[in-house]
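Inspection log for the structure reproduced underneath, given as structure tokens.
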Amino acid sequence: MDHSLPCFILLILIGCVRTCLDKHNGTGHYDYCVLGAGPAGLQMGYFLSKAKRDYIILERSSGPGSFFNKFPRHRKLISINKIHTGRQNREFNLRHDWNSLLSDEPDLLFQRVSSEFYPPADAAPIYLSMFVKELGLRVRYGVDVGRIRGVQSATGRSYVLTDQHTSDYTCSVLLVATGLWVPQTVDFVGSDLVEGYESISTNPDDYKDQAVLILGKGNSAFETAQSILGKASRVHMLSSSPVRLAWQTHYVGDLRALNNELLDTYQLKSLDGLVEARLEKIVIALRKEQDKRRSGGKKSERKRKLYLTLNKYKQHQEGKNSSDVTGEELPGYHIDNFPTRKPYDRVIRCLGFRFNFSIFDSSACPPNSENAKGRLPAVTAWYEGKNTPGLFVLGTAAHSRDYRSSAGGFIHGFRYTVRAVHRVLEHRYHNNLWPTTKLLLTQLQSWILKRVGEASGPYQMFEVLGDVILLRGSHCEYLEEFPVQALPHFSSLSGHEVSSHGLLVLVMQYGKKKLDYLGRNRAETDWTKAWKSNFLHPVLYYYNRLPTEEEMKLRPHGWPLPRPKALHHMIEDFLTEWDGPISHVQPLRRFLEHCVQTDLRTFYAESCFRSSLTHIKPPLFCQQGYLKQQGVADGSELSRHIRTTGLIPTEHRAGTSRDDPAFPNYLAQAGASMSSGLKLDF
């Protein structure tokens with residue numbers, strides 16, 4: 001017997017054991033690595049699990065959603081949890097549920113852990129743990145990835161993630177869902193004297209009778225101010241820009257009403273206030289009060305006071321502490337009514353968070369985005385890191401695509417962008433086309449009205465995700481929630497081609513005109529002036545071909561898409577239902593008829609019957625409905641007469657759209673369901 005054989009067998013056994021141990025410990029190679037078990041990571045985990053893909057979710061903490069264990073510091077979420085909408089439509093209700101993730105489980109909703117309209121932050125990890133458990137997602141906790149590098153091989157590019165134990169996780173596709181948790185800071189003279197939002201006391205009594213300066217005017221800043229208003233002697237807030245109110249900007253990340261009590265105390269002159277200055281140009285200086293004598297001859301203790309001054313008043317003296325100032329360097333010496341001339345007891349930094357770029361090797365690090373002050377990674381319109389193929393950014397970290405314009409930085413927005421990324425992955429790596437619904441052209445109007453009346457994805461991700469309608473002659477293919485800024489790459493991302501008939505794109509938009517959003521003329525009601533709508537409303541773009549990348553870059557300012565061949569605004573609706581026969585339905589039908597060059601009116605059976613007798617080619621609705629026995633009730637005298645006279649050809653009798661598995665049952669009568677009762681003129 002060859003003595004090398006036992007050694008060879010032993011080596012094989014050792015390799016097998018190591019492989020098993022690696023799989024048991026979570027290390028090894030995976031098709032997909034999801035970094036982070038927050039809402040975005042778990043949402044992607046659900047889609048990967050549903051598709052039966054090889055994946056692992058890596059989380060540094062001991063449970064999901066660890067960010068919410070500490071933030072927001074004052075423990076109330078600003079994402080609404082509206083349970084009672086008066087509707088049973090699950091898709092519609094998601095428009096007003098900003099915390100639930102998407103799944104096929106109808107009761108796996110956030111309302112199971114909280115019924116409060118603004119829920120407590122502690123409810124978020126509970127809900128996410130429930131999501132993981134009930135869906136059986138594969139999450140490995142306690143894995144603190146400290147380095148990510150890209151590796152190029154003969155088989156393609158992969159990513160290697162190294163954790164705190166030097167264990168490696170290798171994956172073909174890396175999905176980064178780490179969120180934003182590194183505090184955003186600004187370097188200025190005296191910045192070391194400033195407390196951070198991430199570490200301040202949340203006990204209001206600790207601020208009793210203190211003057212507090214807060215750097216920042218976002219929700220974290222106002223949340224902090226609101227918690228201490230009743231205890232602090234005065235609260236001032238400073239940032240480079242004025243306050244942006246969410247109800248004015250329509251951006252959910254701007255100041256929300258539940259945190260804005262300081263605006264009242266400022267405008268009603270109750271000691272609090274807002275000021276503007278560039279943080280890079282300020283100086284926070286430490287001074288101690290002069291000694292004073294108490295009765296009895298004892299010296300009082302010196303109190304630590306912080307002064308706000310400006311760089312231009314600072315006299316640079318050699319050997320002097322940069323945060324020490326003289327009286328001549330204080331702003332009150334130069335301007336006797338300088339707004340912040342009084343000293344403060346505390347200065348607090350509340351500037352938000354930034355993406356953690358430090359864990360990425362140069363071979364795997366996406367560049368900083370041009371907006372959001374470089375706090376976010378730059379990604380493509382389909383959320384793949386720029387210059388990092390196979391690395392996708394999900395959730396809040398991917399907000400650079402719609403920063404300050406839509407809801408991509410928040411759960412109710414990125415749950416849909418995550419689904420869009422998964423559909424891109426399914427086509428790129430598994431040859432699965434982006435899902436579509438096949439419709440007869442006569443059913444298109446009804447389906448559009450259904451979508452604008454209930455769909456949550458385009459409603460929340462307005463101007464970012466849109467429905468694409470591929471026109472195919474007498475029918476069309478309806479593709480939901482495609483990233484509209486990726487339209488030039490539509491075919492390569494979705495797997496669908498655009499025919500010579502062109503395409504329609506349906507998006508939700510706000511008006512671009514600046515106005516008083518609480519003023520008397522804030523809304524447009526005349527459907528003939530629908531293009532002047534100010535509030536959220538549906539807009540349809542018709543193209544005879546896909547826009548090019550250059551056309552996307554040159555699109556009009558504020559437009560989500562380039563100028564189309566035809567454009568249609570549906571007038572804004574106070575109830576957001578868009579079902580008015582005159583204001584919404586009829587203008588939509590006429591626009592669609594213009595685009596497809598076909599009569600899309602609906603008719604009574606009698607009108608179709610008369611048209612069939614007098615016209616070589618009856619209207620399309622009659623061809624696809626009445627002539628396939630969908631416009632006449634079975635057993636009726638008229639139906640029997642049609643059969644006996646042979647007016648319906650045999651091939652039309654053989655089957656209807658109900659026999660075609662491509663048509664769902666609920667679409668079989670979609671065209672007839674919107675019958676307007678119009679008749680042909682003879």
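The values are calculated or read from the model by the stated rules, or taken from the named source; none is laboratory data. These figures come from a predicted structure and were not determined experimentally. Note that each Cβ is placed from the backbone with ideal geometry, even for glycine, and that neighbours are counted across all protein chains shown. With ligands, DNA and RNA removed, areas are computed over all heavy atoms of the protein, side chains included. Shrake-Rupley method; radii C 1.70, N 1.55, O 1.52, S 1.80 Å.
What is the range 382-517 by shape, rounded, prolate or oblate, if you read a ≥ b ≥ c off the alpha carbon gyration tensor as root eigenvalues and call it rounded for a/c under 1.5, prolate for a/b larger than b/c, and oblate otherwise?
Numbers: a/c = 1.99, a/b = 1.13, b/c = 1.76.
Verdict is oblate for the range 382-517.
How long is the gain from Arg472 to Ser199 if the chain were fully straight, where each residue apart is worth 0.36 nm and the alpha carbon distance is subtracted? Before the final figure, lay out the partial values.
Numbers: separation 273, 0.36 × 273 = 98.28 nm, distance 5.91 nm.
Gain on stretching Arg472 to Ser199: 92.4 nm.
Quantify, in whole percent, the carbon and sulfur part of the accessible surface of the range 434-596 (1.4 Å probe; protein heavy atoms only).
It is 51 percent, rounded to a whole number.
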Provide the packing ranking of 326-334, 536-544, 551-559, i.e. peptides ordered by the mean count of other C-beta atoms within 10 Å per residue, highest first. 536-544, 326-334, 551-559
Applied in sequence order to the range 392-399, the curve 6.51 cos²θ - 1.76 cosθ + 1.60 (Karplus, θ = phi - 60°) yields integer Hz couplings, x standing for Gly and Pro, of 10, 10, 10, x, 4, 5, 8, 5
The range 81-122: C-alpha gyration tensor shape, a/c 1.5 cut-off, then a/b vs b/c: oblate
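With every protein chain present, what is the per residue accessible area of the range 30-122 (1.4 Å probe, Å²)?
Values: 3850 Å² over 93 residues.
Computed with neighbouring chains in place, this is 41 Å² per residue.
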As a test of reading the structure, rank Ser270, Ser400, Ser199 by solvent-accessible area (1.4 Å probe, protein chains only), most first. Ser199, Ser270, Ser400
How much of the pair distance distribution for the range 129-227 lies past 15 Å, counting alpha-carbon pairs only, in percent? 77 percent
Solvent exposure ordering (accessible area, 1.4 Å, most first) of Arg415, Arg341: Arg341, Arg415
At what distance in nm do the modelled label points of Asn521 and Glu105 sit from each other, each positioned 7 Å from its Cα along Cα→Cβ? 5.3 nm
In terms of the Cα gyration tensor, with a ≥ b ≥ c the square roots of its eigenvalues, is the range 343-461 rounded because a/c is under 1.5, prolate because a/b exceeds b/c, or oblate? oblate
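Leaving ligands, DNA and RNA out of it, rank Asp599, Asp579 by accessible area with a 1.4 Å probe, largest first.
Asp579, Asp599
Report, to the nearest whole %, how much of the accessible area of the range 90-152 belongs to carbon and sulfur atoms, 1.4 Å probe, protein only. Walk me through the numbers on the way to the answer.
Details: 1400 of 2880 Å².
Whole-percent figure for carbon plus sulfur exposure: 49.
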Between Leu286 and Lys231, Cβ-based FRET efficiency (R0 25 Å, step 0.05) works out to 0.60
If the cut-off is a Cα-Cα distance under 17 Å, which lysines reach Lys303, setting aside same-chain residues fewer than 8 apart in sequence? Lys208, Lys288, Lys292, Lys342
Please list, or write none, the aspartates and glutamates whose alpha carbon is within less than 14 Å of the alpha carbon of Lys50, excluding same-chain residues fewer than 8 places away. Asp104, Glu105, Glu134, Glu426
In whole percent, how big is the carbon plus sulfur part of the accessible area of the range 161-292, probe 1.4 Å, protein atoms only? 47 percent
For the range 468-578: lysine pairs with Cα atoms under 14 Å, gap of 8 or more or different chains, count? 4
Mean accessible area per residue over the range 342-416 (1.4 angstrom probe, all protein chains present, square angstrom) is 32 Å²
Could you tally the net charge around Ser66, taking each other residue with its Cβ under 9 Å from the Cβ of Ser66, Lys/Arg +1 and Asp/Glu -1? +1
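Counting residues in the range 434-596 as N, plug N into 2.2 N^0.38 Å and put the Cα Rg over that result. Intermediate results must be reported in sequence, preceding the final value.
Values: Rg = 15.3 Å, N = 163, 2.2 N^0.38 = 15.2 Å.
Dividing the Cα Rg of the range 434-596 by 2.2 N^0.38 Å gives 1.00.
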